[in-house]
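Read-outs throughout are calculated quantities, based only on the coordinates presented, and are distinct from any laboratory measurement. Note that the structure is a prediction, hence the values are computed from the model and not measured. Note that we place each Cβ from the backbone using ideal geometry, even for glycine, and neighbour counts take in every protein chain shown.
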Amino acid sequence: MIGLSRVKLSQVSKTFGEVSAVNQLDLTINEGEFFTLLGPSGCGKTTTLRMIAGFCYPTTGRILFDDQDVTRVPPHYRDTGMVFQNYALFPHMTVAENVAFGLEVRKLPKKEIAERVEQALEQVRLGGFGERRISQLSGGQQQRVALARALVIRPRILLLDEPLSNLDAHLRDEMRTEILSLQRSLGITTIYVTHDQVEALSMSDRIAVFSRGKCQQTGTPEEIYNHPKNAFVASFVGETNLVPVTVKETGADHVTVESGNHLFRVKKGEPDAVPLRTGEGSWFLSIRPEAIRLADGPGSNRVEGWVKLIQFTGTSYHCKVELGDGTVLQALFLNRPDMRGRLRDGERRFFELPEEQLRLIPNTG
Ligand code: ATP
């Protein structure tokens, strides 16, 4: 049985010379959680994972596993299993020798090593592959060996650094499901690094979105997608329309905002940030493309626009909606029977931006 651990980072910073890679990071990853560090290249996610593994130490701040301070504990005393982006397998060794490596270092009895290696290979569906050479394996199989090598030591925490980025799209989808079901069956605390928002949304219990060394927001996939805290999170995670607006009125349960000659009513609701005073701050009105609806005519929260560049993807129609003031919205309509033939390029139509689907987002991040 794999022991579970909670990981806590408290005010962790890491600088490399002049470069601030990670800046005053506070994170708690709960026991058994699948937790993803998501962000663009260079935002500090790998450095964070490497500090959790012990491959580099924070410049300031503390890292705790349960209540044990491991900030400066070397990697081999931390009980973490790591899967690297390029797998880091030993090409001259067999599959079994690669997987056994961590147990040999720990000087376990030969019989126990053989049993645990076979069990780890079974877990990643590579039972019977022990005698193969690494060079005889496909990319997906090499990825599984790397996973078996991390799991065989029965770590308290599994760390995965962009493990799927070297695989083609089809294999990536397959491995995503496999890693997730393995993690669910073992219940092991898992920290996963990726720049791919689809991976993050579909696999994680919770996500931390990073930008420029700082954590911008943590939350469940639904919280991150439905209630992004700032413009960076809204645009990095999924597609979104961000329209600069001025706040005209703040009521008890709604805010009225203006963009060009349009007024929109936005529902106030936790956990979204809302401006306290009229005209205060710099705000975007945000709406996801799939939240925009076709409307029969003018009305509250409705706009008139020209339909442009319709793209049919099988499951949906994507199009641009150009408003009279130059604003361009992305809209997405599911391919349902009632939608077929209703959109034509260049046509003028009314669209509704439903009050409860609109968010006001501060222009930060
Ligand atoms: P990627 O997805 O490209 O790996 P990342 O989000 O994982 O990006 P990091 O690798 O953590 O980002 O890098 C964060 C910043 O720290 C970058 O500006 C990077 O150049 C810098 N950095 C990372 N490691 C070192 C190092 N060993 N020496 C100097 N600078 C480094």
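The ranking of Phe264, Phe90 by Cβ neighbour count inside 10 Å, starting from the fewest, reads Phe90, Phe264.
Count the DSSP beta bridges whose two residues both fall in the chain, then state the antiparallel fraction as a percent rounded to the nearest 5. Walk me through the numbers on the way to the answer.
Values: 60 of 78 bridges.
In the chain, approximately 75 percent of DSSP beta bridges are antiparallel ones.
Restricting the calculation to Cα atoms, the range 233-362 yields a radius of gyration followed by a Dmax of 14.9, 45 Å.
Residues whose amide H lies under 5 Å from that of Tyr192, counting only those 5 or more places away or on a different chain, are Phe35, Thr36, Leu37, Leu160; hydrogens are built 1.01 Å from N in the peptide plane. Rounded if a/c is under 1.5, else prolate if a/b beats b/c, else oblate: with a ≥ b ≥ c from the C-alpha gyration tensor eigenvalues square-rooted, which is the range 110-196? It comes out oblate by the Cα gyration axes. Taking amide H positions as modeled 1.01 Å from N, with prolines and chain starts lacking one, the residues under 5 Å from Val22 and 5 or more places away or on another chain are Lys14.
Largest GNM mean-square fluctuation among Ala208, Ala252, Ala200, using the chain with Cα springs under 10 Å: Ala252. Over the C-alpha trace of the chain, radius of gyration and Dmax come out as 24.6, 77 angstrom. Among the GluC sites (Glu not before Pro) in the range 187-241, those located in a DSSP loop and surrounded by at most 15 other Cβ atoms within 10 Å of their own Cβ are Glu239.
Would you tally the net charge around Val12, using a Cβ to Cβ cut-off of less than 11 Å, leaving Val12 out, and scoring K and R as +1, D and E as -1? Could the numbers behind the result be given before it?
Working: positive: Lys8, Lys14, Arg62; negative: Asp26.
Summing Lys/Arg as +1 and Asp/Glu as -1 gives +2.
Counting charges near Phe232 (Lys, Arg +1; Asp, Glu -1) among other residues having Cβ under 13 Å from its Cβ returns a value of +3. Computed 3J(HN,Hα) for the range 74-81, one whole-Hz value per residue from the Karplus formula 6.51 cos²θ - 1.76 cosθ + 1.60 where θ = phi - 60°, is x, x, 6, 9, 9, 6, 10, x, glycine and proline marked x. With θ taken as phi - 60° and the Karplus curve 6.51 cos²θ - 1.76 cosθ + 1.60 applied, the whole-hertz 3J(HN,Hα) list for the range 205-213 is 6, 9, 10, 10, 9, 9, 8, 6, x Hz, x standing for glycine and proline.
In plain terms, if you count all Cα to Cα distances in the range 44-108 and split them into 5 Å steps from zero, the share in each step is 4, 15, 22, 20, 16, 13, 7, 2, 0 percent. Between the amide H of Met82 and those of Leu159, distances stay under 5 Å, these residues lying 5 or more places away or on another chain, with hydrogens modeled in the peptide plane.
Straightening the chain between Ala114 and His170 buys 16.9 nm, computed as 0.36 nm per residue apart minus the Cα-Cα spacing.
Per-residue Karplus couplings for the range 29-42, computed as 6.51 cos²θ - 1.76 cosθ + 1.60 with θ equal to phi - 60°, are listed in order as 10, 7, 4, x, 7, 9, 10, 10, 9, 10, x, x, 4, x Hz, Gly and Pro entered as x.
Counting Lys +1, Arg +1, Asp -1, Glu -1, what net charge surrounds Leu89 among other residues with beta carbon under 12 Å of its beta carbon? Local charge sum for Leu89: +3.
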